[in-house]
């Protein structure tokens with residue numbers, strides 16, 4: 001009979017084995033091309049004395065998403081520690097479990113709203129739900145109040161109760 005430790009060991013060992021076989025059978029041209037590109041780009045960066053930094057809308061949205069993901073991962077790991085701690089009461093574990101469930105539900109709704117906005121208005125966006133408040137950041141140069149109102153109506157359709165929705169445009 002296989003216990004959990006043996007199962008994990010076999011799973012991880014098989015993954016390492018598959019990756020190592022993949023790496024060994026990979027064509028050498030790929031490795032050489034990637035190394036040459038890295039060397040060329042690093043020497044090009046060293047030759048330039050002045051660099052211009054420009055931030056695009058997608059960069060701002062990506063930064064917001066990464067920051068939010070990091071915060072969520074920290075919160076989830078804290079909640080998981082609470083769930084696995086032997087010294088924590090059952091009541092606290094139930095609260096932690098409910099919070100985890102709420103985080104997962106909010107994440108799925110946020111993703112659904114982002115996809116709807118992207119499909120309907122072809123705009124990159126960031127959505128953050130916090131209780132009854134929804135923050136939406138749109139990566140767009142045109143700051144249209146009509147578009148903001150349409151997005152607010154689209155988002156409110158997802159919920160039964162009244163939500164406080166704010167739409168922000170980043171240029």
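What to note about this one:
- Taking 0.36 nm per residue of separation and subtracting the current Cα-Cα distance, fully stretching the chain between residue 164 and residue 77 would add 28.5 nm.
- Point-to-point label distance, residue 63-residue 119, nm (Cα→Cβ direction, 7 Å offset): 3.1
- Gyration tensor (alpha-carbon) shape descriptor, the stretch 57-170, a/c threshold 1.5: prolate
- When the convex hull of its Cα atoms is viewed from all sides, the stretch 69-132 shows a mean projected area of 4.9 nm².
- Rg then Dmax, both in Å and based on the Cα atoms of the stretch 112-171: 10.6, 32.
- Cα centroid of the stretch 1-25 to Cα centroid of the stretch 125-158, whole Å: 45
We did not get these values from a lab; they are worked out from the coordinates using the rules stated. The model shown is predicted, which means the values in this text are computed figures rather than measured ones. Virtual Cβ from ideal backbone geometry, glycine too; neighbours counted across all protein chains shown.
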